[in-house]
Amino acid sequence: QENFTETIWDTGIIPSDESIHVEYSGPELRAQTRYFYRVKVWDNFGRESQWSESAWWEMGLLTPEEWKAEWITPDPTGIDPLSEAAFQLRKEFTLKPGITSARIYGTGVGLYELYLNGERVSDELLAPGWTSYHQRLQYQTYDVTQLLQNGSNAIGIILADGWYKGNLVRENHRNIYGDRRAAFFQIHVTYSDGTDEIIVTDTTWKASTGPILFSEIYHGETYDARLEKEGWSKPTFNDHDWANTIIQEVPIAKLVAQENVPTRVTEVLKPIDALVTPSGDTVIDMGQNMVGRIRFKVNAPEGTRIVLKHAEVLDKDGNIYFGNLKFAKEKVEYITKGEGTETFAPHFTFQGFRYVRIEGYPGQDNGLPLENFVGEVIHSDMEQAGKFECSNPLVNRLQQNIVWGQRGNFLDVPTDCPQRSERLGWTADAQVFIQTALFNYHGGSFFTKWLRDLRADQLPDGNVPFVIPNVEGG
């Protein structure tokens, strides 16, 4: 308990030069239980500190038996299982009064976003992250106590291809881990009378497609706002014409609680210029290379198609240059619904870019309204560890570039590049850079997660593949 009236484990005074990585060695811990802890230290002169502020961790689900959910996917008689459009899954459920706590535990293949009673559950992006999916799949835990209500509730899940079944490594190379998207979630609700209730993914859920017509890591996203289903994750929504769901076999060896820090938007950049190139393209300049996505606002008639094409450089003539992207399209398309000001950013993709070619934005021939565009920087949300600054501005700029390069390439796995059709976890690159990386950021959990995938993908003779997760083979 937070007031430490009930002590589970007390180390006592331990004479040692070890001040970190002290492992818990007390009684066995219980699943779904929150534990509070605090520390104090003595120095070599016997001086005693005050207690630290209390902190906590919470245990997840510890055994397969605690999972009551089923893997579900849309019934193929109602929705093409190989559809490029993202799936939307939903379920309504009723809760009693007296909710004291609630958690969602769950995961999906490939990527998911989670909604509850019309609200996005988390600001995390590209969940559940990229692991050696057949060996290890991360699940996430969300505290949703404040999002639930007495009586009717609804949960909604969007599923996209991601790394699991999207295009990776080579053109037309898809379905590396599987060819069916699926969801696996359960809500645990605790009431004030001491009772519990569990709501799980099963065949009582309904399924549909929606406005996300296409979404790929390399290629971007196509979104038709006219196909939005207003209120689809609220309990009042009418889903009578939605398809049924079926149980899907998913070849996962082990579910593990999320090990790495989540991927998030960590900074917002404003463009510095809009230019017209010699070939007549309207291009936004973000002022520097960045990794993430563009978020824009638009007010336009229904059916207006706006296309954003991302690139890193201009060529010698000043035209936007896509040649280094190999076969990655880095293209985002948005079709308006024509209802006032609309705001959009893609969901299940990221781009590496400085320049963005804009097509179809209303009135762009008379000048693009830069205030309607921002760049959202996306990467694993690590805490900064070290800083370096000296009297030489060039050395300072070099260090800033190193940090920026790390932020651009630490997106759930340590990648080699964030823009072209690669974005893979090259082991040599990571080995060379890891000491610098850990000076710049607290990357312990980032590398712990990735090195466990290295171990999972290590070859029987001990050899390590070129990239982790091993999607190249050999």
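Miscellaneous remarks
- Verdict on residue 332 being closer than 30 Å to residue 279 by Cβ and open to solvent by less than 50 Å² (accessible area, probe 1.4 Å): yes
- Meets criteria (under 25 Å from the mean Cα position of the chain (by Cα), in a loop (DSSP other than H, G, I, E, B), charged (D, E, K, R) and exposed (fewer than 12 other Cβ atoms within 10 Å of the Cβ)) for residue 123: yes
- Top-ranked residue of segment 204-257 - restricted to ones that are among the basic types (Lys, Arg) and at pLDDT 95 or above, ranked as surrounded by the most Cβ atoms within 10 Å (Cβ to Cβ): 206
- Evaluation of residue 60 against (1) open to solvent by 50 Å² or more (accessible area, probe 1.4 Å); (2) part of a loop (DSSP other than H, G, I, E, B) (one fails), failing number: (1)
- Which numbered condition residue 364 fails, given (1) over 19 Å from residue 265 (Cα atoms); (2) without any contact (Cβ under 8 Å) to a residue 60 or more places away in the chain; (3) surrounded by fewer than 18 Cβ atoms within 10 Å (Cβ to Cβ): (2)
- If the condition is being over 26 Å from residue 121 (Cα atoms) and open to solvent by less than 60 Å² (accessible area, probe 1.4 Å), then segment 170-197 contributes 173, 176, 177, 178.
- Here the condition is being over 26 Å from the mean Cα position of the chain (by Cα) and on the phi < 0 side of the Ramachandran plot; of 429, 416, 365, it holds for 365 alone.
- Candidates are the residues of segment 39-50 that are modelled with pLDDT under 95 and surrounded by 10 or more Cβ atoms within 10 Å (Cβ to Cβ); the one that is farthest from residue 444 (Cα to Cα) is 42.
- Segments classed as strands (runs of 3 or more DSSP E), wholly inside segment 201-262, with at least 3 members that are more than 23 Å from residue 75 (Cα to Cα): 220-224, 255-257
- Which numbered condition residue 354 fails, given (1) outside any loop (DSSP other than H, G, I, E, B); (2) more than 30 Å from residue 442 (Cβ to Cβ): (2)
- When residue 400 is tested against the conditions (1) open to solvent by less than 70 Å² (accessible area, probe 1.4 Å); (2) over 23 Å from residue 124 (Cα atoms); (3) part of a helix (DSSP H, G or I), the lone failure is (1).
- Scanning segment 208-221 for residues that are more than 10 Å from residue 84 (Cα to Cα) and of a type outside the set (D, E, K, R) yields a total of 7.
- Of everything in segment 422-446 that is in a helix (DSSP H, G or I), among the aromatic types (Phe, Trp, Tyr) and in contact with a strand residue (DSSP E or B) (Cβ under 8 Å, 6 or more places away or on another chain), the residue that is least open to solvent (accessible area, probe 1.4 Å) is 446.
- Segment 268-286: number of residues that are loosely packed, with under 13 Cβ neighbours inside 10 Å and assigned to a strand (DSSP E or B): 2
- Restricting the first member to segment 141-158 and to residues that are within 19 Å of residue 96 (Cβ to Cβ) and among the hydroxyl-bearing types (Ser, Thr, Tyr), and the second to residues that are open to solvent by less than 20 Å² (accessible area, probe 1.4 Å) and at pLDDT 95 or above, the beta-carbon pairs closer than 6 Å and six or more apart or on different chains are 145/102.
- Residue tally, condition of a type outside the set (A, V, I, L, M) and under 22 Å from the mean Cα position of the chain (by Cα), over segment 84-105: 6
- Options 65, 92: the member that is surrounded by fewer than 22 Cβ atoms within 10 Å (Cβ to Cβ) and in a helix (DSSP H, G or I): 65
- Those residues of segment 454-469 which are closer than 9 Å to residue 425 by Cβ and in a loop (DSSP other than H, G, I, E, B), in sequence order: 468, 469
- Scan of segment 126-154 for residues that are more than 21 Å from residue 60 (Cα to Cα), of a type in the set (S, T, N, Q) and not in a loop (DSSP other than H, G, I, E, B), ordered by number: 152, 153
- Unmet requirement for residue 274, which otherwise passes all of (1) farther than 19 Å from residue 370 by Cβ; (2) of a type outside the set (Val, Ile, Thr); (3) in contact (Cβ under 8 Å) with a residue 12 or more places away in the chain: (1)
The values are calculated or read from the model by the stated rules, or taken from the named source; none is laboratory data. None of the values given here were measured: they were computed from a predicted structure. All Cβ positions, glycine included, derive from the backbone under ideal geometry; neighbour counts span all protein chains shown. Only protein heavy atoms, including side chains, enter the accessible area calculation; ligands, DNA and RNA are left aside. Shrake-Rupley method; radii C 1.70, N 1.55, O 1.52, S 1.80 Å.
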